[in-house]
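What follows is a single structure, written as structure tokens, with notes after it.
Just so you know, all these numbers are worked out from the coordinates, no wet-lab data involved. Owing to the predicted nature of the structure, the values given are computational and were not obtained by experimental measurement. All Cβ positions, even for glycine, are placed from backbone atoms using ideal geometry, and neighbour counts span all protein chains on display.
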Amino acid sequence: MDSMMNWLQEYQEMIYVVILMIFLGIEVIGRVPSVLHTPLMSGANAIHGVVIIGAIIVMGQADANNWLALVLGFLAVLLGTLNVVGGFVVTDRMLEMFKAKKSK
Amino acid sequence: MEMSLLTISYLFASITFILGLKMLSHPASARNGNRLAALGMAIAIFATIFLYESDGKKLGNLIWIFAALILGTVVGTLAAKKVKMTAMPQMVSLFNGMGGACAALISVVEYNHLLHVQEPATSTLAIIFGGLIIGSVSFSGSMIAWGKLDGRVKDFVFKGQHIFNLGLLFFIVALATYRIAWHGEIWMMYIILVASLLYGIFFVLPIGGADMPVVISLLNSFTGVAAAFGGFLYGNKAMLTGGILVGAAGTLLTILMCKAMNRSLMHVLIGSFGQTSAASLSGAASVGGSHKEVTLSDAAMMMSYAQRVVIVPGYGLAVAQAQHACHELEKILIDKGVDVTYAIHPVAGRMPGHMNVLLAEADVAYEQLVEMEAANELFPQTDVVLILGANDVVNPAAKTDPSSPIYGMPILDVELAKQVIVNKRSMKPGYAGIENELFYKPKTSMLFGDAKKVLQDLVAEIKSM
């Protein structure tokens, strides 16, 4: 019980953020028209690529002699970049088509 | 000073994520929303590289980091630019898997890194294992989803698979709990990693192809949660907000998709699709009867003298890349004074909105696309319905046959129209693997062939009339 309390104390700010973000995430996309479901999923997919920040930190803190950490870290940054860049570019491509139609 | 600049960068990034997602939910602002989020992401990445400090030490290995960033940017951009619009769902799944793998790798490296010093605190371990398990499941699950949509992986069900999956999940949670709370062996992490990867595979394998969009959306929100664990690990608010935002929004999107198909998430998850479809396949023989074919010139005639034609696009249109040919046909019919509308089922194609994206690519006007409810009101006053490679979304079994796996799914009531022309490549059942009695109805005539070829021929035929 004590450790639970300590944990809540230690992470209380983060827990607030989590709870607010859950409601915000639901609220923000609550009224999305079904036309935009695919681009929205793709855009959200790119946003969770923010995990790359963790990969960069891991990579940057890796010991220069620790090859395993370097290789795994390199892979993590690489995959994270693929997620971010690929995700945003694919979404942009999808939305480009909506725009072309709009200008007509 | 620099630390606060980093904090501001993360705050800015978090705001762009929220605004970006908000703008993505409106057609007019969607593109800018995506770009805004991308800008925030770029700032967060570069701020991390140059400003992040831990115990007064800046990040090292910058050459490696930049090499990975550049390589990833080049490959990611090329892949995203080259992919065909029809293969979009697979691509999203693939990128999602990359993010999951990234989260899992962070946990692996950080686990070993921290253990070099001492056994980390219980809460830290719990966070590391959370990211590891969810990230791995998301990675291997996304790979299978990608393989399935790409036709590389077949549905695979074995007896007692649900029990096996539950057992595997229980094993993972139990072992992780033991490792965290009772300081189990260090190598247990690798067992958990492998078991989580396996779970992802067995989790997605039995789920039918038609449910894949739901699964991708769900795995998308998984990766969001995995990213949020990373946020907890580093006390990083950009990762936390981005991750949880996607986790929550992704879950809602998953539920919205399930609703559109009138299926409960539970049913999708335990993979009832794969099981029941086999059962109803055997019963499908009773559908039987004979179908009648229509010639190209008859079909052309029917449509050009109709008052109203409703086109129902499906995955067949997407694989044949026939969206431009379809737009051609629509234009020539409109020139003849025919009222042409597209009826878009919420789950037509492989993803909600898939057809809208494709037709938008071919410059089909937004006003001509109507959603299911509006279309169903239109059908009684429609002379000809042209079904292009759609199957399950017009299958009356969803209304009449309680044993059908799609029973209860709302469908387009094309039967209310005077004539139905179905373009398919053959009489083979659709993606859900079930027969469609619509094809044997007296109103229905079949027009076999590749959608693009058939549409081009129809256009030529109407022109020559």
Item to complete: Using a Förster distance of 45 angstrom, determine the FRET efficiency expected from the C-beta separation of A:Tyr11 and B:Tyr366, and round it to 0.05.
Response: 0.45
Worksheet item: How large is ³J(HN,Hα), in whole Hz, for each residue of segment B:360-365 in order, when computed from phi with the Karplus curve 6.51 cos²θ - 1.76 cosθ + 1.60 and θ = phi - 60°, using x for Gly and Pro?
Response: 4, 4, 8, 6, 5, 5
Worksheet entry | Over 27 Å (Cα to Cα) - which of B:Lys81/B:Lys428; B:Lys82/B:Lys148; B:Lys81/B:Lys452 fall in this group | B:Lys81/B:Lys428
Response to the item:
Per-residue average of other protein chain Cβ atoms inside 10 Å, peptide B:392-398 -> 0
Worksheet item: With a ≥ b ≥ c the root eigenvalues of the C-alpha gyration tensor of segment B:141-187, is it rounded (a/c under 1.5), prolate (a/b larger than b/c) or oblate?
Response: oblate
Worksheet item: Placing +1 at every Lys and Arg Cβ and -1 at every Asp and Glu Cβ, with all other atoms neutral, what dipole size does segment B:289-463 have around its Cα centre, in debye to the nearest 20?
Response: 420 debye
Item to complete: Kyte-Doolittle cut-off 0.0, length cut-off 24 Å along the helix's own axis using Cα: show which whole DSSP H helices in chain A pass.
Response: A:12-29
Worksheet item: Of all the stretches in chain B, which is the longest one without any exposed loop site, taking trypsin sites (Lys or Arg not before Pro) in a DSSP loop (any state but H, G, I, E, B) with at most 15 other Cβ atoms within 10 Å?
Response: B:160-291
Discussion item. Given axes a ≥ b ≥ c from the Cα gyration tensor, I'd like to know whether segment B:289-463 is rounded (a/c under 1.5), prolate (a/b larger than b/c) or oblate.
Written reply: rounded
Worksheet item: Which pairs, out of B:Lys424/B:Lys453; B:Lys292/B:Lys331; B:Lys259/B:Lys399, put more than 18 Å between their alpha-carbon atoms?
Response: B:Lys292/B:Lys331
Practice prompt. Please work out whether the protein assembly as shown counts as rounded, prolate or oblate from its C-alpha gyration tensor, where a ≥ b ≥ c are the square roots of the eigenvalues and a/c under 1.5 means rounded, while otherwise a/b larger than b/c means prolate and anything else oblate?
Written response: prolate
Worksheet, complete the sentence: Gyration tensor (Cα only) of chain B to equivalent ellipsoid, semi-axes in Å sorted down, yields 48, 27, 16
